[in-house]
Amino acid sequence: MSKEQSSQEPSDHEVKVGRRHFLKGAASSAAALAVAPTAKAQNPSAFAASYTAPTYQQLQRDTGALTPPAIERTVVRPGSDLMVQVLKDMGIEFVAANNGSSFEGLQESIINYGSPPNKMPEYITALHEESSVDMANGYGKAEGKPMAVMLHGTIGIQHAAMAIYQAYYSGTPMILIVGRDDGFIQAHTANDMAAMCRSFTKWDALPKTLPECLEALQEAYRQAVTPPTGPTVVVVDMELQKEEARELQVPPFRPAVIEGIDVATARDIAQKLLAANNPRIATGSFRTPEGCAAAVELAELVGASASTTAHQGPMGFPQRHPLCGPGADINYDYVLGLEANSPHLSLQRPTVATLTAVRDTMGIGFGGLRDNPPATGRGAPRPQEGTVLTIDAQASIPLIIAEVSRLMTPEQRRRIEERRAAHAKANHEARMAALLEAIEQKKKGWDLSPISTARIYAELWPLIADEDWCLASPSSFSSSHHMQLWDHNKPYSYLGGQGAGGMGYGLGACTGAALAARERGRIVINIQTDGDFNYAPGSIWTAVHHELPMLTVMHNNRAWHQEFMFIQYMAGVRGRGTDRGHIGTTLRDPFIDYAKLAQGYGMKAEGPIDDPTQLAAALRRGLDVVKNGEPYLIDVLTQPR
Amino acid sequence: MKHITYPIGALLAMSLAPTLYAQNGDAKAGAQVYYDYGCYGCHGYGGYGRKDLNDTGSAILVNEEVFRAFLRGRADVAPLLPVTDMPNYPANSLSDEQVRDLYAYIRSMPPNLPETGGVETFRQILEIAEQPYRND
């Protein structure tokens, strides 16, 4: 057969079509296809030659022309409707998934059950399971509560595995619902599906009945948000999704009960805070925004200066609060650590490292989570200075506040007011001095091309300072200039790093943060490294499809720059020159055009921009679009770091 | 090897400034060495990076001989953990002529440090910092 013949008159066996394109055509001409299931109705030249055509049976099913097999009873109240009701009751806003047949019952319920359907939760279309979980990670970090992800059997878990692993390291709560269809494709099912990720999830269940499944989903939520927080897994058999629920009622949801310190401990802390001449509150990352607000209330009540990690990660004490900073006197006579170290006493919730004995049944021994880890290397545990109570600080603060309020004398109240004013003045002065110093550093190479990463952060700040913003992308590879230049005053101002340093996280996490942002009138800033982008760029489409307010600014240094430097040093050690260090570490030949790539996914985009004088105007254009509820990408050619 | 030429124009723009130190090398050729050997990786395309080169007063850059000795005398023992320190450059990996050109190029890099008050963005950042705290 000649090529011409092949492209014009394919046989049923030879036709090669793209299935999605085929279906798009098929949807509008289903009847014709039903009687003539060949590709003759299509234009074969429009389809990639490497795809196999769907079978006649598949087409019939996908186009709705094939009547499902008759069953003895009509399912009027499928079990998956009740599962969705459970998710609604728990306030799950989104379920992200890349579709899979093992959860088709649940997916159908999400999009059709309830009034309105597909709302709380809304089905979020992801193009990769890793992206789905990264979205849940970004959302969970921003809001301090779970969203859900559906994964398709063994293959879905494996696609998602690295993202789950990072969420586990970050302690991000999320609910992973794994579809299991034991009677369908055997390679997609397993006896103990959750075992594939048990070592890096907090809790899992394989319910055998529908009532058990509903309880398991509720328990998954409670486990996810209870310290140590983290991802939880419920494997849901297809039979349970499709089962007729009859009169079964959804059990009422009982929120998690998270323990704090006892009254005696709270009283002791309150007395020490009140007795101190210069108390300080060292703060870390709280579980939820309520923790941040409670910490502020306590600091104001006792007039303590406060440290923060808000510029390093989510759920921190507001950085520009008048009490945040070194304070008027750095000789602190009592330091209370709230999720942070203290030379005196700190309250710190348990981390997932405490789960290793129970969850790491295979003895994998993940670094940073295992017993007796080496003292070197990134992520090695830091030594504790003072007394540490392993208990949730957020749950403890209200009792401390109550005790302080009860014990405080008028004289103490007067001294505290004076102290607050002194701290505010000193902290403002310290802030201005630090900012001036930072600017001296950031202006280096200000007018150079490619554009300095400092200039990206600097130009952005005046444009977003009055907005409700969230920097959701990890910033270490772009030198974290926001830490010195921006004010991180919200629990979600900066969402921190990847968790376990794995690449491919940024775009998905920003998309998840943008889901939260869309519902709350917020905007998300994504300073997107090019290396990270290319692992799973499909989230660009998700952001467009779901109309997410996300500004992506490419930090396009055309390399995996960290590795570039590592290889250079290694070549130097071996005396072989660094002129081949670009091999395998750079993205050249060809350069990637990210604006075109984004446009291909349907996103408004521009660039590449290499003239620094053009940057601010591009950022303004992008923010105008984002504030209008659409994502935007600006490709910026940058200095390496 | 195949030379990637796209950033060289930007690099050469730096080589036009007057210099304080005498150089024997060819700054234009040095710009190509700077790119081919990935010096920009740590030092930026214009001399600003993890380690700045522009007008730093570094003793290592006081003259070509000291610079060459520095390149040749770097650690040659592989550390156990990956590092991004300055690589070693023995003569068989970077010739004396290349070092000469590279030095000429580095010494030609002009400072790029605008006055803080002359940059509108910096003025705005400082104004924002002066505003009272609000967290609404």
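The values are calculated or read from the model by the stated rules, or taken from the named source; none is laboratory data. Since this is a predicted model, take the numbers as computed values, not measurements. Note that we place each Cβ from the backbone using ideal geometry, even for glycine, and neighbour counts take in every protein chain shown. Protein only, heavy atoms only, side chains kept; ligands, DNA and RNA dropped before computing areas. Shrake-Rupley method; radii C 1.70, N 1.55, O 1.52, S 1.80 Å.
What does the structure give for B:112-120 when I average, per residue, the other chain Cβ atoms found within 10 Å of the residue Cβ?
The per-residue average across the peptide is 4.
What aspartates and glutamates does A:LYS425 reach when the alpha-carbon gap must be under 15 Å and sequence neighbours fewer than 8 apart in one chain are set aside?
A:GLU300, A:ASP329, A:GLU417, B:GLU130
Would you mind checking the tilt of helix A:79-89 against the longest principal axis of the Cα atoms of chain A, expressed as 0 to 90 degrees and rounded to 10?
20
Per residue of A:576-585, count partner chain C-beta atoms within 10 Å of its C-beta, then hand back the mean as an integer. Kindly include the intermediate steps, with their values, before the conclusion.
Working: counts 5, 10, 10, 9, 4, 5, 7, 0, 0, 2.
The per-residue average across the peptide is 5.
Ignoring ligands and nucleic acids, what accessible area does B:GLU130 show with a 1.4 Å probe (Å², nearest 10)?
Roughly 110 Å² of B:GLU130 is accessible to a 1.4 Å probe.
Could you sort A:176-182, A:130-136 so that the peptide with the highest average Cβ count within 10 Å comes first and the rest follow in order?
A:130-136, A:176-182
Give me the summed buried accessible area for the A-B pair, 1.4 Å probe, to the nearest 100 Å².
Numbers: alone 28530 and 9300 Å², together 33240 Å².
Its buried surface, counting both partners, is about 4600 Å².
Only Cα pairs under 8 Å and at least 6 apart count here; give the relative contact order of segment A:79-242 as a rounded whole percent.
Dividing the mean separation by the residue count of segment A:79-242 yields 26 percent.
At 1.4 Å probe size, with no ligands or nucleic acids counted, give the accessible surface of A:MET196 in Å², nearest ten.
80
Taking Cα atoms, how many degrees apart are the long axis of helix A:263-275 and the longest axis of chain A, rounded to 10 and kept between 0 and 90?
Approximately 50 degrees, to the nearest 10.
Spin-label point model (7 Å from Cα, Cβ direction): what's the B:ASN63 to A:ALA434 distance in nm?
4.5
For Cα pairs less than 8 Å apart in space and 6+ apart in sequence, what is the mean separation divided by the residue count of chain A, i.e. the relative contact order in percent?
So the answer I get is 12 percent.
For A:LYS604, which aspartates and glutamates qualify as cross-link partners when the Cα separation must be under 15 Å and same-chain residues fewer than eight apart are set aside?
Counting by Cα, and skipping residues close in sequence, A:LYS604 has these aspartates and glutamates nearby: A:GLU547, A:ASP593, A:ASP624, A:GLU630, A:ASP635.
For segment A:604-631 and segment A:236-312, write down the distance between their C-alpha centroids in whole Å.
Segment A:604-631 and segment A:236-312 have Cα centres spaced 39 Å from each other.
Please arrange A:TRP560, A:TRP203, A:TRP446 by accessible surface area, largest first, computed with a 1.4 Å probe and ligands excluded.
In descending accessible area the options line up as A:TRP560, A:TRP203, A:TRP446.
Of all the accessible heavy-atom surface of segment A:147-193, with the other protein chains kept in place and a 1.4 Å probe, what percent is carbon and sulfur?
56
Would you tell me the mean number of C-beta atoms belonging to other protein chains that fall within 10 Å of each C-beta in A:456-467, as a whole number?
Details: counts 0, 0, 5, 4, 1, 5, 8, 2, 0, 6, 3, 0.
Going residue by residue through A:456-467 and averaging, the value is 3.
Largest first and in whole Å, what are the equivalent-ellipsoid semi-axes of segment A:530-610 based on the Cα gyration tensor, each being the root of 5 times an eigenvalue?
For segment A:530-610, the ellipsoid semi-axes come out as 33, 12, 9 Å.
What's the long-distance tail for segment A:519-572, i.e. % of Cα pairs beyond 14 Å? If you can, show how the numbers build up before the last one.
Values: 927 of 1431 pairs.
Here the tail beyond 14 Å accounts for 65 percent of pairs.
Out of all Cα-Cα pairs in segment A:391-447, roughly what percent, to the nearest whole number, are more than 16 Å apart? Don't jump to the answer; show the numbers that get you there.
Working: 1083 of 1596 pairs.
The share of Cα pairs beyond 16 Å in segment A:391-447 comes to 68 percent.
Using only alpha carbon pairs under 8 Å that are at least six residues apart, calculate the relative contact order of segment A:380-509 and give it in whole percent.
Computed over segment A:380-509, the figure is 19 percent.
Run through every distinct alpha carbon pair of segment A:79-242 and return the Kirkwood hydrodynamic radius in angstroms, one decimal place.
Computed over segment A:79-242, the radius equals 14.9 Å.
May I have the extent of the alpha carbons of the protein assembly as shown along their three principal axes, as whole Å values ordered from largest to smallest?
92, 89, 49
In whole Å, how far is the Cα centre of segment B:100-114 from that of segment A:511-543?
Spelled out, the Cα-based centre of one part sits 39 Å from the other.
Give, in whole angstrom and from largest to smallest, the semi-axes √(5λ) of the equivalent ellipsoid of segment A:156-291, with λ running over the eigenvalues of the Cα gyration tensor. Don't skip to the answer; put the middle values down first.
Details: eigenvalues 319, 75, 17 Å².
Calculated on Cα positions only, the semi-axes equal 40, 19, 9 Å.
Between A:ASP182 and A:VAL76, what FRET efficiency follows from the Cβ-Cβ distance if R0 is 41 Å, with the result rounded to 0.05?
Result of the calculation: an efficiency of 0.95.
Leaving out ligands, DNA and RNA but keeping every protein chain, what accessible area does A:TYR169 have, in Å² rounded to the nearest 10, with a 1.4 Å probe?
60
Using only the Cα atoms of segment A:443-637, construct the convex hull and provide its projected area averaged over every direction, in square nanometres to one decimal.
Values: hull surface 44.8 nm².
Over every viewing direction, the Cα hull of segment A:443-637 projects on average to 11.2 nm².
So between A:ASN191 and A:VAL358, what do we pick up on full extension, going 0.36 nm a residue minus the alpha carbon distance?
58.1 nm
Over segment A:79-242, how many pairs of lysines fall under 26 Å by alpha carbon, counting only those 8 or more apart in sequence or from different chains?
Step by step, the pairs that qualify in segment A:79-242 add up to 12.
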